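Here, each number is a calculation from the coordinates, and none is a lab measurement. If you're wondering where the values come from, they're calculated on a predicted model, not measured in any experiment. Here the Cβ positions follow ideal geometry from the backbone for every residue, glycine too, while neighbour counts run over all protein chains shown.
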């Protein structure tokens with residue numbers, strides 16, 4: 001099958017979308033598909049990845065908020081490129097201009113919208129946190145729900161990587177209107193063979209607890225990721241600090257980003273909480289995860305909780321919000337889930353962990369990205385057959 005991914009937020013300079021696209025391009029040929037990623041760029045061109053995978057860039061203007069990215073602004077140029085590529089299935093990778101252009105493409109070709117972001121949870125709900133409930137924010141942002149409903153009518157599938165987002169999209173804005181009948185969940189996965197409970201090192205655990213000025217009888221929590229506002233690290237620091245009044249608890253955060261100063265202010269000299277640079281050595285990071293007693297995670301706006309998936313594969317509990325990508329892993333052990341943005345409930349979830357070392361959990365069966373793409377492409381083939389029969 002010839003698939004074209006109209007990917008409005010691809011950049012060769014890195015980021016989660018680039019990682020996903022690179023994996024998709026590698027998997028497509030292995031699974032017998034021909035795939036083109038159509039992206040905006042500084043100049044028009046084609047980069048052949050293999051005989052059945054390529055990235056085609058169309059010359060478009062820079063994205064105003066980040067010069068590493070470019071924006072689709074010319075619908076006719078995008079449609080002309082689709083005419084030339086002759087796809088059998090079209091995918092849009094954001095709910096903005098790329099989805100508009102794909103939705104307005106006239107030929108009766110099956111198409112999907114992949115929700116790589118959750119703008120309401122990542123931004124709007126957080127902006128009005130403490131002032132308005134999400135239902136009230138939905139009402140104020142009904143223009144975005146109208147956009148989503150329009151996409152739901154134009155796209156055969158609206159794909160999310162977590163069941164929480166699919167449920168929200170399907171339920172819709174209960175104040176103003178229905179949801180999307182075309183929503184479907186296709187979870188992502190992790191590097192196969194990288195993370196395992198067998199990597200646990202008691203010596204490394206003791207070392208990390210020692211950096212927190214604690215002994216081996218304490219509970220070791222780790223957190224990892226970009227230090228961004230939506231990750232809610234100050235809330236996690238506060239929750240770990242409060243929980244630490246009840247019993248010895250250490251928290252080690254691995255990351256860097258624009259919220260560094262806010263997090264250090266929240267730590268406020270607490271010797272039991274450390275903020276360290278990210279671990280780029282993936283083998284070492286896998287050993288750290290397996291050696292911890294739990295992952296502490298605060299973001300309810302992720303479309304897929306990669307850190308939570310890696311922690312689950314490492315055999316440790318996930319203490320995280322009951323919403324967003326991490327919630328699919330909290331469901332394995334719901335006592336460790338907490339209400340999003342609720343510090344007191346996060347304290348309760350932390351204290352639900354057994355004292356000292358991690359609990360004994362069943363051996364996990366981690367999901368790989370190959371499984372993700374097999375399921376995704378199978379959905380596309382199934383939809384393509386339905387469209388052919390209907391025609």
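Each of residue 279 and residue 342 was given a label point 7 Å from its Cα along the Cα-to-Cβ line. The distance between the two points is 3.1 nm. Among beta bridges identified by DSSP and lying wholly in the stretch 1-89, the antiparallel ones come to about 35 percent. Compared with the alpha-carbon gap, the fully stretched path from residue 202 to residue 42 is longer by 52.6 nm at 0.36 nm per residue. Computed from the C-beta positions of residue 18 and residue 331, the FRET efficiency with R₀ = 41 Å rounds to 0.90.
With each label modelled as a point 7 angstrom along the Cα→C-beta vector, the residue 245-residue 378 pair spans 5.1 nm.
Only helical DSSP H runs with n ≥ 4 go in: add -39500 (n - 2.57) per run for the chain, normalise by residue count and round the 222 nm mean residue ellipticity to 500 deg cm²/dmol.
Helix contribution divided over all residues of the chain: -11000 deg cm²/dmol.
Potential lengthening of the chain between residue 153 and residue 123 amounts to 8.3 nm, from the contour at 0.36 nm per residue minus the alpha-carbon distance. Extending 7 Å from the Cα toward the beta-carbon at both residue 217 and residue 68 defines two label points whose distance is 4.6 nm.
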